[in-house]
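Below is one structure, written out as structure tokens; the observations come after it.
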Amino acid sequence: MSGSLFIVAAPSGAGKTSLVNALVAKHPSIRLSVSHTTRPARAGEVDGQDYFFINQEQFAQMRDAGAFLESATVFDNFYGTSSEAVMAQLKQGYDVILEIDWQGAAQVRRNYPDSISIFILPPSKLALEQRLRGRGQDDEETIARRMRDAEAEMSHYIEFDYLIVNDDFDQALGNLAAVIKAKRHSLTVQKQVHQQLLTELLA
């Protein structure tokens, strides 16, 4: 049985990375797709684990060869998801999560219509700004830019299948897990899982 493809998007600082990492840690049947990016690695990030860090020439070659399920430009850097890697994991029966922005999500929906998309919102603009400052990674100009971009990003929530507000982390994590569980119990998936039982019951 093939796995399902999930898209999780959010403005920077909404907490999607923490939520996705916590979800994957609890559920070994869920895999997080590792994206390629041209941005420099941040402190503590590991190549091949957090991202595949490549230069712009390498990225352009992959993009021109049609190797990406989606690709986008975010904060002057390129990001892309390897189509081959994602499809291989789905065929192995794993559910795969793409942690990407709204631009990439739109491309994935076009290229893989069966994907399920989830948008994460902060509980307020103030909370979002506090989280960005709490990282201690950006200067004032960058924070101001991220806040402006966040407003534009959040306007795209309407394009997604599910909406989760990350106010209480544990509750948001539970809601995210519930979406995954609901998909696993959809008719399409369960018909595959219980094909023999259904045949016997209806014989």
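Mind checking whether some residue in region 47-59 is free of Cβ contacts under 8 Å to residues at least 40 places away in the same chain, charged (D, E, K, R), in a strand (DSSP E or B) and surrounded by fewer than 17 Cβ atoms within 10 Å (Cβ to Cβ)? Within region 47-59, one or more residues are free of Cβ contacts under 8 Å to residues at least 40 places away in the same chain, charged (D, E, K, R), in a strand (DSSP E or B) and surrounded by fewer than 17 Cβ atoms within 10 Å (Cβ to Cβ).
For region 52-77, taking the residues that are under 19 Å from Val108 (Cα atoms) and of a type in the set (Asp, Glu), the one that is nearest to the chain's Cα centre (by Cα) is identified as Glu70. With respect to being modelled with pLDDT under 95 and surrounded by fewer than 19 Cβ atoms within 10 Å (Cβ to Cβ), Pro28 fits the description. When every residue of region 144-158 is checked against the conditions, none turns out to be part of a loop (DSSP other than H, G, I, E, B), at pLDDT below 95 and either on the phi > 0 side of the Ramachandran plot or not β-branched (Val, Ile, Thr) (or both). Number of residues in region 157-182 that are in contact (Cβ under 8 Å) with a residue 40 or more places away in the chain and within 16 Å of the chain's Cα centre (by Cα): the value is 14. A count restricted to region 21-46 and to residues that are of a type outside the set (A, V, I, L, M, F, W, C) and in a strand (DSSP E or B) stands at 3. Within region 102-150, the set of residues being under 22 Å from Gln171 (Cβ atoms) and in contact (Cβ under 8 Å) with a residue 60 or more places away in the chain comprises Ile116, Ser117, Ile118, Phe119, Ile120, Leu121, Pro122, Leu128, Glu129, Arg131, Leu132, Ala150. When region 126-144 is filtered for residues that are over 22 Å from the mean Cα position of the chain (by Cα) and among the basic types (Lys, Arg), only Arg133 remains.
Checked against the criterion of being among the aliphatic types (A, V, I, L, M) and either touching a strand residue (DSSP E or B) at 6+ places or on another chain (Cβ under 8 Å) or under 15 Å from Thr17 (Cα atoms) (or both), the candidates Val96, Val189 yield just one match: Val96. Among the residues making up region 159-203, those that are of a type outside the set (D, E, K, R), part of a helix (DSSP H, G or I), out of contact with any Leu (no Cβ under 9 Å at 6 or more places or on another chain) and closer than 25 Å to Ala106 by Cβ are Asn175, Ala178, Val179, Ala182, Thr188, Val189.
The values are calculated or read from the model by the stated rules, or taken from the named source; none is laboratory data. What you see is a predicted model; the values in this text were computed from it and never measured. Heads up, the Cβs are rebuilt from the backbone with ideal geometry, glycines too, and the neighbour counts pull from every protein chain shown.
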